[in-house]
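The values are calculated or read from the model by the stated rules, or taken from the named source; none is laboratory data. Keep in mind it's a predicted model, so treat the numbers as computed, not measured. Note that we place each Cβ from the backbone using ideal geometry, even for glycine, and neighbour counts take in every protein chain shown.
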């Protein structure tokens, strides 16, 4: 195709987009509707993004019926323009009644605008936030009390709400359940950002920047922040506020999104007028530049889920020319030294796991990257029964553009800023535009979201911010209004009409909360639950029409609606016809028992506090792989500790060996009558310099005393240093003696003893995962034959070159009576080695492309058909890696810069091309010549791997590939195998170990899976959300904390059963955390 | 129209031929060389080279130029065999080589290899090439051919200095458990730069640790400890001079000698950098001032640049060796932690360990080299920082300037006193060693040793 035709096609597409509406929403023009509000923003020398960090945050929008005609009206606030109120006249005609209504406002710079019945008279009032006291901004937050005749009176002072602070927005909630609506005022910091400062800055209140909880005392509001436990520091860059009863106890809770390094706040309502902030406990990580957020139950479990927005670009060019994630050491400083939580630059989707914790799934769900995003609103826009997401985004100038930061800004603005602290238009114009299209994601029954941005909504180039939902044309489906910078507001009119069914619920609760803020609805149809709460302040600087809306697709009748009123009473409506608006008022409500919606499943596992004396905490050493091998895809140094269970003193009781990380001695816990006791075993603990990753106990020399083999890894020592060698301790008359074992300088991942040659002694497979300082090179794995307690390496080239091995299992997969070996590893497919007359020969037993980042394998009959299947733990799909058979993940391995040391370059497919994961600085940190090749970031950004490196260079590199990232099982079909992936809730994180046992004593084995992993750069985040899972069979998998397991935010390395006086216990060992012991509650 | 074009073309050709027949010798002035040095400085600022790397970019091109001049001029002695690993450059074959011209071309070519933004360099170079072609193509071509041969020779030598290997060596590992160990500092919290610079091949000194300074006072937060007193002194000075505000001479001094190539500024999501020359570049600027004031001829000027840039380069190697040996924490980190959480130094703390002060070591070495060339009482007006919005400062001697550069780091709140005092000593001893071990001038009257 030539350039001309491409140009032509682009032109045609452009025209096509311009002339037509989106598939789901149309955008009537302002001329047609009368909705002509424009938030015009004028940059001035003394007022621009340099002087005011939130110069581009935009105004607010509130939708609600202010005159009781059942037509929702629209209030819009502006930054440098006056606010406007538009009366909905029906037929999508709007009349500007600002003057008459008296709501234009008197503050210099308005932000959020929300509607709520502040004085409790049944009429919606308007509260407009303002930023006051910086940049010469005057005024205060204004409260326009509705007089009931389309006029309003500004009475903020009277109500004690006339704050002259740096307000972003405000949210209504009845936090003390006294019947009236209280207010959470969201303020933002303007801290200069020169240093992080410590997290405890949040404890010191600051009037201008600190958030405030304001209790409605009937006619006036009182600041109760301090006594209620609400933070109000100089560090709180509050941009997002969400109200919801997250833990379903009847009291509304709060999620506050803070921009920059300040953590988001998760306030659980204690029910006694106070809140407890407990973000770190419930969230493994959060958005970094938190902007707007929203809450809805998206997975039909009756628990409110959250989306929080950030600014990660989807577009390669924008991505690679913008400032990216923190360096790993900077993150460590921020977390370990300054006490902030883990934060990453992308949207986060937090699934509420029954109130126990939140599981973060934005990457898996496909909603992580929507660029510079302000507002997210969940709703069932297409009325198919699934929650969809609309994201409003865009920024006029990208101030985080790397060329701007490093090259352009200097010449242009340095002097001026230094001398005058002013910046001119010319300098601002150097920043690239971030006018990115708004996003629309369709929810799917499977749980993921499908990006329908270009089709359901028109692809725009607007700078859209605050957005509100309302049924503006009263046709039952949901319309939206976005407040845009320098363009008229956008009306999104929903065209679902009668193609799918709905219910619209309004409440006629009692004064002073007539619209029923805080009311919950559980809707059931065909066994499917949909759950909503009525909170009007949602998204960003906005409030939506007070109603609850459900979509039902083709379902014509709703089985029941359980209404739970704010006072914890409830009533049930049954057999409701769809496609109507119901106004529901309390009708003989009964007390509602919140316990009834909690999970009733009994816990199979019960954590034993104190772990019967096992007091082992694995402490990882400070080695950071990325400081040495800067481009490797993940760490290789954090795969320990090694754990082995077995009788080490011949008393018939099982003891525990825990290996230490580098320079930390291993520990042995001996089982005593009522628990465990740590006792020194000098010979073993003396070997402390080595980092233990895996261990095995067995009687290797046949003297009826158990011995110990220790597999060493850690990635730190290299080039044939002795600290890399595995260790072998033989027990002779109760004493351990270090003995010789074949040398292996590679990082060991698995040690699997088995009598493979059937001569009565234990032979050992040693699987190695990597070579220190040379990641990407194939380490040597091998089989050691036992001859009277001495090991000899069996010559086997196929096995030696198996790959980056992580786990293995001995199993007679061809049922010939001889043990075979199955090996898994990273950047390789599972490999089957058939035992052919005592020699292991690789055989091909499946015909899929199955290279994965496999972490674990176990034998299990998952389909109950009597033959043995294999379950295999992989990386999961909740990461930035993507892989498929057609578009595998790639890793190039070579000495790219010819300096004697090797590099790896990981590349992802996007469209038809491959792009390196690392940006220019990352790659040039290792290959400095790239800085000569690309002297500007924009030259590098958007370049594929082939365009960055020349073909010859790439051709000489070894190419590793991954086709499959999901965990699953290899199902046995007459000796041949087929891979089947598990469902998404088992793909949250790498699965690092399996354990087969009959945990629930039902006479059948189950498999317990554990995982999570943190050895990646901030680019990836943290894989912290996998709560474990019990796999009974392929269709019966129980996940999460329902089991009683405490795996969240911990990286499982080993699962072991240890027998205590005939009772089995579950021992769980973590990397860099304290080992846990569980009793099995169902054990008989 | 076509005819017209043809005619025009012909005329151009005629003019061109006419010109090239009138061959006058090419004159290369000292200002031409200064301009090229300035050009390289300008590109380095744009490309953001850290101070140690910048010192390497000054040394090699000047040596290339110097070696060419020493080929022809009996006053000056080749550095081959005097600086580590350098062998004699190829001899000039052709007779019509213009040596200053060849020196300048070699200077530009070696520089081009060292900087990132080659395009700015080649545009600059090509405009000169055009001018020289027009003046005397034969002389230019002969000189260029020779210059590029020498540049190639120097580049091959340069490639063996371990620079490439150090690019892939491990980054500095932060360990917050150790309270004395350097940590990244606000606002950018950048990684420690060039932790392996001591593995770069030195020019004259025997090894990176030859001028290993005495260790800094033992780390202690006890109020009567020497270390704590030093820390407190930095804080007290800073409080005193910031109270004086714009009138403060100390602040003026601190800012004059800031020489931070990348000061990052953050305003919310908006980030930018204010970029200045490095400490090495400042002293290279002083070389230019001295040469002009002294009315040095071309050869003497290149000699001055070369000697000074070698001293600076070795000073960085020596200083960086100590920086990552002691890995001492910066005042800003400790003051924020223990004394005043809102305190900010007058200057932005640069991203590497504290001890010893780079500017002190480098200023000590550079001023010693310059004193040997221009004398101990060489008064000058230093306008090097004018393009960066800073005033002219007057000095009675290079040594006085070095003293001020060193103490400026304390005023700036980025160094303790010992790093400055010991650093200056370290630089002066190193400079003296360079002088004693480099024999560059035959007529000893030309030096002030």
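Residues checked against (1) closer than 29 Å to residue A:1016 by Cα; (2) touching a helix residue (DSSP H, G or I) at 6+ places or on another chain (Cβ under 9 Å):
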residue	(1), (2)
A:236	yes, yes
A:254	no, no
A:262	yes, yes
A:273	no, yes
Please go through (1) over 30 Å from residue B:216 (Cβ atoms); (2) within 13 Å of chain A (Cβ to nearest Cβ); (3) over 21 Å from the mean Cα position of the chain (by Cα) for residue B:185 and return the number of the only condition it doesn't satisfy. (1)
Residue pairs within 9 Å by beta carbon, gap of at least six or interchain, first lying in the stretch B:263-287 and facing chain A (nearest Cβ under 9 Å), second at pLDDT 95 or above and assigned to a strand (DSSP E or B), listed first then second, are B:269/A:395
Every listed condition ((1) buried (at least 18 other Cβ atoms within 10 Å of the Cβ); (2) within 28 Å of residue A:869 (Cβ to Cβ); (3) more than 31 Å from the chain's Cα centre (by Cα)) holds for residue A:791 save (2)
So which residues in the stretch A:716-761 are farther than 19 Å from residue A:666 by Cβ and buried (at least 22 other Cβ atoms within 10 Å of the Cβ)? A:746, A:756
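Which of the helices (runs of 4 or more DSSP H) found entirely inside the stretch B:1-72 contain at least 2 residues meeting this: within 14 Å of chain A (Cβ to nearest Cβ), at pLDDT 95 or above and within 41 Å of the chain's Cα centre (by Cα)?
Values: elements: B:2-21, B:30-47, B:51-72.
The qualifying helices (runs of 4 or more DSSP H) are B:30-47, B:51-72.
I'd like to know if the stretch A:996-1004 contains one or more residues that are in a strand (DSSP E or B) and closer than 23 Å to residue A:879 by Cα. Working first, answer last.
Filtering the stretch A:996-1004 down to residues in a strand (DSSP E or B) leaves A:996-997.
Filter again for closer than 23 Å to residue A:879 by Cα, leaving none.
Looking for residues that are in a strand (DSSP E or B) and closer than 23 Å to residue A:879 by Cα, one finds none in the stretch A:996-1004, hence no.
Between A:477, A:473, which is in contact with a helix residue (DSSP H, G or I) (Cβ under 8 Å, 6 or more places away or on another chain) and assigned to a loop (DSSP other than H, G, I, E, B)?
Just one listed residue meets the conditions, A:477.
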For the stretch A:1026-1041, enumerate the residues that are surrounded by 20 or more Cβ atoms within 10 Å (Cβ to Cβ) and either out of contact with any strand residue (DSSP E or B) (no Cβ under 7 Å at 6 or more places or on another chain) or at pLDDT 95 or above (or both). A:1026, A:1027, A:1028, A:1029, A:1030, A:1031
For the list (1) touching a helix residue (DSSP H, G or I) at 6+ places or on another chain (Cβ under 6 Å); (2) in a loop (DSSP other than H, G, I, E, B), I need the number of the one condition that residue B:350 fails. (1)
Taking residue A:929 and the conditions (1) in contact (Cβ under 8 Å) with a residue 12 or more places away in the chain; (2) buried (at least 16 other Cβ atoms within 10 Å of the Cβ); (3) within 12 Å of chain B (Cβ to nearest Cβ), which numbered condition does it fall short on, given that it satisfies the others? (2)
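Restrict the check to the stretch B:355-377 and report whether at least one residue is touching a strand residue (DSSP E or B) at 6+ places or on another chain (Cβ under 8 Å) and touching a residue at least 60 places away in the same chain (Cβ under 8 Å).
Within the stretch B:355-377, the subset touching a strand residue (DSSP E or B) at 6+ places or on another chain (Cβ under 8 Å) is B:355.
Filter once more, so that each one left must be touching a residue at least 60 places away in the same chain (Cβ under 8 Å): B:355.
So far as the stretch B:355-377 goes, yes, one or more of its residues are touching a strand residue (DSSP E or B) at 6+ places or on another chain (Cβ under 8 Å) and touching a residue at least 60 places away in the same chain (Cβ under 8 Å).
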Select from the stretch A:457-497 the residues that are over 31 Å from the mean Cα position of the chain (by Cα) and over 20 Å from residue A:72 (Cβ atoms) and write down the one among them that is surrounded by the fewest Cβ atoms within 10 Å (Cβ to Cβ). A:486
Matching residues, the stretch A:363-408, being within 14 Å of another protein chain (Cβ to nearest Cβ) and in a loop (DSSP other than H, G, I, E, B): A:371, A:372, A:394, A:396, A:397, A:398, A:399, A:400
Checking residue A:328 against (1) at pLDDT below 95; (2) more than 21 Å from residue A:875 (Cα to Cα); (3) within 14 Å of chain B (Cβ to nearest Cβ): exactly one of these is not met. Which one? (2)
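Is there a residue being under 17 Å from residue A:392 (Cβ atoms), surrounded by 14 or more Cβ atoms within 10 Å (Cβ to Cβ) and at pLDDT 95 or above anywhere in the stretch A:78-89?
So in the stretch A:78-89, the residues under 17 Å from residue A:392 (Cβ atoms) come out as A:78-79.
Within this subset, residues satisfying the condition of being surrounded by 14 or more Cβ atoms within 10 Å (Cβ to Cβ) are A:78-79.
Next, only the ones that are at pLDDT 95 or above stay: A:78-79.
Yes, the stretch A:78-89 contains at least one residue that is under 17 Å from residue A:392 (Cβ atoms), surrounded by 14 or more Cβ atoms within 10 Å (Cβ to Cβ) and at pLDDT 95 or above.
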Sort through B:210, B:165 and tell me the only one that's within 12 Å of chain A (Cβ to nearest Cβ) and in contact with a helix residue (DSSP H, G or I) (Cβ under 8 Å, 6 or more places away or on another chain). B:165
Quick one: count up the residues across the stretch A:880-910 that are away from chain B (no Cβ under 14 Å), out of contact with any helix residue (DSSP H, G or I) (no Cβ under 9 Å at 6 or more places or on another chain) and in a strand (DSSP E or B). 6
Tell me yes or no: at least one residue of the stretch A:43-57 is part of a loop (DSSP other than H, G, I, E, B), away from every other protein chain (no Cβ under 14 Å) and in contact with a strand residue (DSSP E or B) (Cβ under 8 Å, 6 or more places away or on another chain). no
Name every residue in the stretch B:382-396 that is over 13 Å from residue B:282 (Cα atoms) and away from every other protein chain (no Cβ under 14 Å), in order of residue number. B:394, B:395, B:396
Restricting to the stretch A:932-948, name every residue that is assigned to a helix (DSSP H, G or I) and within 12 Å of another protein chain (Cβ to nearest Cβ). A:932, A:933, A:939
Does residue B:195 meet the test of being crowded, with 17+ Cβ neighbours inside 10 Å, away from every other protein chain (no Cβ under 14 Å) and either free of Cβ contacts under 8 Å to residues at least 40 places away in the same chain or in a loop (DSSP other than H, G, I, E, B) (or both)? no
So residue A:164 clears everything in (1) within 14 Å of chain B (Cβ to nearest Cβ); (2) surrounded by fewer than 24 Cβ atoms within 10 Å (Cβ to Cβ); (3) within 22 Å of residue A:109 (Cα to Cα) except one condition, right? Which one? (1)
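What do you reckon, is residue A:302 at positive phi and at pLDDT below 95? Show your work before the answer.
Working: at positive phi: yes; at pLDDT below 95: no.
Answer is no for this residue.
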For the stretch A:565-607, name all the residues that are out of contact with any helix residue (DSSP H, G or I) (no Cβ under 7 Å at 6 or more places or on another chain), surrounded by 14 or more Cβ atoms within 10 Å (Cβ to Cβ) and in a loop (DSSP other than H, G, I, E, B). A:565, A:566, A:567, A:568, A:578, A:579, A:585, A:586, A:589, A:592, A:598
Quick one: how many residues across the stretch A:864-918 are closer than 30 Å to residue A:1008 by Cα and within 32 Å of the chain's Cα centre (by Cα)? 19
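Run down A:729, A:718, A:756, A:765 and say which single residue is closer than 19 Å to residue A:685 by Cβ, touching a residue at least 24 places away in the same chain (Cβ under 8 Å) and within 46 Å of the chain's Cα centre (by Cα). Give the derivation first.
On the way: A:718 fails: closer than 19 Å to residue A:685 by Cβ; A:756 fails: closer than 19 Å to residue A:685 by Cβ; A:765 fails: closer than 19 Å to residue A:685 by Cβ.
Exactly one residue qualifies, and that residue is A:729.
Yes or no: residue A:1055 in a strand (DSSP E or B) and either surrounded by 22 or more Cβ atoms within 10 Å (Cβ to Cβ) or modelled with pLDDT under 95 (or both)?
On the way: in a strand (DSSP E or B): yes; either surrounded by 22 or more Cβ atoms within 10 Å (Cβ to Cβ) or modelled with pLDDT under 95 (or both): yes.
Yes.
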